[in-house]
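Have a look at the structure below before the remarks.
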Amino acid sequence: MEEEFNRKTNTKSVGLFEGTVAKGEQRRRRKRRMGLDSFMDDQRLSLDQKMRSIFSDVQECRSCSLAKLPVNKEGDRLLGHGDPNHHVIFIAQNPSFRRVKFEEPKIFGTWQNRNDRLFIEFLGKVGIKRKDVFVTNLVKCSTLENFPPDREEILACKKFIMREIGAIKPRLMVTIGGLAHKAFKGKTGAWSKWSGADVFGIWHPSYLLRAGLEEVQEEYLKQTYLRQFKEISKHEVFNDLKVDPFEVKEYP
């Protein structure tokens, strides 16, 4: 699992200063960077306790420069949110720099912007309630003006996404957008495998919200996006979760 992530994101889990300290210390430092100490601690906890532990560690993280941005102050970093019990996880890039808080953050910090509303709308169109799926990001902090996270920022947050995956044990992973595709072998509109889980790639909602699209083109993109969600909804993890789309009241 670690090797697959490293190869796809062009990151390495070995230390930057290997050979300069004793081997025992190298191993301890490597474990701390990879979050293995926390990962092993997680194995003794219930799922709810695991997610709370990850949430707490995300808020206290100072591993990269993103922690210094005002929007990423402690308490406002965005851990994944939704129901982690259904063995399905949606993985996007990182929270929007222009996110809007619409509710006091709870254990899974809850934010919403135009991308979120469109995502919730299309889930509803295929009979999936937003609260029934767990959605997270590769990087838990926003980047300045929504620039893609760089290698060091991805590496700094790697331990958290791996702990979330380890806790949820997903049978289905849905990658949202290019960076998540690369990390977990996702392919837009196609199925693949990653560490035993089924992987399906979809567009990021922002792709449909770009300004200047002609009406015909916009309608075509929406129909294509809907087909991606319909394909996801066929997976067995949703057998007992899907409802009639008319019953979903979470989208406009």
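For a quick check: sort Thr136, Thr175, Thr224 by the number of other beta carbons within 10 angstrom, fewest at the front.
Thr224, Thr136, Thr175
With respect to the cross-link table entries Lys185/Lys234; Lys140/Lys234; Lys185/Lys222; Lys182/Lys242; Lys73/Lys159; Lys68/Lys158, which display a Cα-Cα separation exceeding 27 Å?
Lys140/Lys234; Lys182/Lys242
Read-outs throughout are calculated quantities, based only on the coordinates presented, and are distinct from any laboratory measurement. Here the structure is a predicted model, which is why all the values come from computation and not from measurement. Note that we place each Cβ from the backbone using ideal geometry, even for glycine, and neighbour counts take in every protein chain shown.
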